[in-house]
1. From the list 186, 221, which one is more than 20 Å from residue 142 (Cβ to Cβ) and open to solvent by less than 30 Å² (accessible area, probe 1.4 Å)?
2. Identify the single condition in (1) open to solvent by less than 60 Å² (accessible area, probe 1.4 Å); (2) more than 16 Å from the ligand (Cβ to nearest atom); (3) within 23 Å of residue 42 (Cα to Cα); (4) not hydroxyl-bearing (Ser, Thr, Tyr) that residue 113 does not satisfy, given that it satisfies every other one.
3. Go through (1) among the charged types (D, E, K, R); (2) surrounded by fewer than 18 Cβ atoms within 10 Å (Cβ to Cβ); (3) part of a helix (DSSP H, G or I) and name the single condition residue 72 misses.
4. Could you pull out the residue among 18, 25 that is open to solvent by 80 Å² or more (accessible area, probe 1.4 Å), touching a residue at least 60 places away in the same chain (Cβ under 8 Å) and among the acidic types (Asp, Glu)?
5. Kindly indicate the residue of the stretch 131-143 that is over 19 Å from the mean Cα position of the chain (by Cα) and either in a loop (DSSP other than H, G, I, E, B) or aromatic (Phe, Trp, Tyr) (or both) and also surrounded by the fewest Cβ atoms within 10 Å (Cβ to Cβ) among those meeting that condition.
6. Test residue 15 against the stated conditions and say whether it is more than 28 Å from residue 171 (Cβ to Cβ) and charged (D, E, K, R).
7. Exactly one of these conditions fails for residue 67: (1) surrounded by fewer than 20 Cβ atoms within 10 Å (Cβ to Cβ); (2) closer than 22 Å to residue 240 by Cα. Give me its number.
8. Is it the case that residue 140 is more than 19 Å from residue 7 (Cβ to Cβ) and in contact with a helix residue (DSSP H, G or I) (Cβ under 6 Å, 6 or more places away or on another chain)?
Amino acid sequence: MRQYLIAGNWKMNTDPVEAAELAAEIAALLSARPPDDNVSVALCPPFTSLVSAGAKLKESKALLGAQNCHHEAAGAFTGEIAAPMLAALGCTYVILGHSERRRYCGESDSDIRQKIAAAMAAGLTPIYCVGETLEERQAEQTLTVIERQLRRGLDSIALPDASRLVVAYEPVWAIGSGLAASAEQAQEVHAFIRAELGAMYGEKSESILLLYGGSMKASNAPALLAKPDVNGGLIGGASLDANTFVAIAQACGS
Ligand code: PGA
């Protein structure tokens with residue numbers, strides 16, 4: 001059966017109290033109207049809200065994820081958070097390589113590769129984000145950019161099984177813009193990502209979950225999620241509204 005993952009990227013929103021309220025609201029909706037069994041759900045609050053949000057998910061189907069980690073497991077890195085710390089808090093996922101971190105924090109593909117290795121070593125599943133800017137799309141460089149991000153970000157990363165990696169295609173021009181990629185644009189890139197992962201990892205790449213991210217909402221989710229290589233979404237703005245977020249989870253397979 002086709003598997004899906006709907007992950008909420010809360011970005012730099014919610015203090016611990018607000019996060020607990022939002023997580024509780026989502027957990028209640030998921031238990032009142034559960035999505036199908038083949039749909040996983042994850043919430044990725046800021047570091048400071050992981051504990052309070054996580055506490056509300058104990059009885060729920062939703063899993064916890066973080067938005068970044070350091071590439072070392074411990075040490076003199078003031079202000080940083082290591083992957084084993086996130087695992088100890090109950091995180092299953094960690095978002096890595098998000099375009100906002102590439103842009104505002106200068107993260108390179110090789111920095112991200114080290115983080116992916118650290119996350120996997122700690123037992124976390126990275127949600128590795130790739131995507132082109134508007135200029136790159138207009139210059140018809142989309143697939144070249146995606147190929148480079150995949151090859152460099154996953155260079156010498158062993159994959160014991162497909163469930164240990166999630167890739168999110170997030171066109172930079174679609175993030176927070178209200179203008180999502182069309183279902184056809186998303187499918188074209190997802191099929192390319194699937195083929196690239198196939199070249200790297202062989203047959204198991206067929207079960208790696210490929211998420212679409214960038215202005216996904218309840219209205220455009222059904223068309224995007226109906227495409228054969230779209231296995232879910234990484235949802236920013238729309239994940240801060242419990243009803244909308246859960247409606248997107250319910251659109252999987254519909
Ligand atoms: P958006 O963000 O849904 O608000 O466009 C998606 C993301 O940045 O992960």
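The values are calculated or read from the model by the stated rules, or taken from the named source; none is laboratory data. Treat the numbers as computed from the prediction; the structure is a model and nothing was measured. Because the Cβ atoms are built from the backbone with ideal geometry, glycine has one as well, and the counts that use them run over all protein chains shown. These accessible areas exclude ligands, DNA and RNA; they are computed on the full protein's heavy atoms, side chains included. Shrake-Rupley method; radii C 1.70, N 1.55, O 1.52, S 1.80 Å.
1. Numbers: 186 fails: more than 20 Å from residue 142 (Cβ to Cβ).
Step by step, each of 186, 221 is checked, and only 221 is more than 20 Å from residue 142 (Cβ to Cβ) and open to solvent by less than 30 Å² (accessible area, probe 1.4 Å).
2. All conditions pass for residue 113, except number (1).
3. Of (1) among the charged types (D, E, K, R); (2) surrounded by fewer than 18 Cβ atoms within 10 Å (Cβ to Cβ); (3) part of a helix (DSSP H, G or I), only one is false for residue 72: (3).
4. On the way: 18 fails: touching a residue at least 60 places away in the same chain (Cβ under 8 Å).
Checking each option against the conditions leaves just 25.
5. The first filter runs over the stretch 131-143 and keeps only residues over 19 Å from the mean Cα position of the chain (by Cα), leaving 134-143.
Filter again for either in a loop (DSSP other than H, G, I, E, B) or aromatic (Phe, Trp, Tyr) (or both), leaving 139-141.
Details: 139: 12, 140: 9, 141: 14.
For the stretch 131-143, the residue satisfying everything is 140.
6. On the way: more than 28 Å from residue 171 (Cβ to Cβ): yes; charged (D, E, K, R): yes.
Criteria met by residue 15.
7. Just one mismatch for residue 67, condition (1).
8. Details: more than 19 Å from residue 7 (Cβ to Cβ): yes; in contact with a helix residue (DSSP H, G or I) (Cβ under 6 Å, 6 or more places away or on another chain): no.
Answer is no for this residue.
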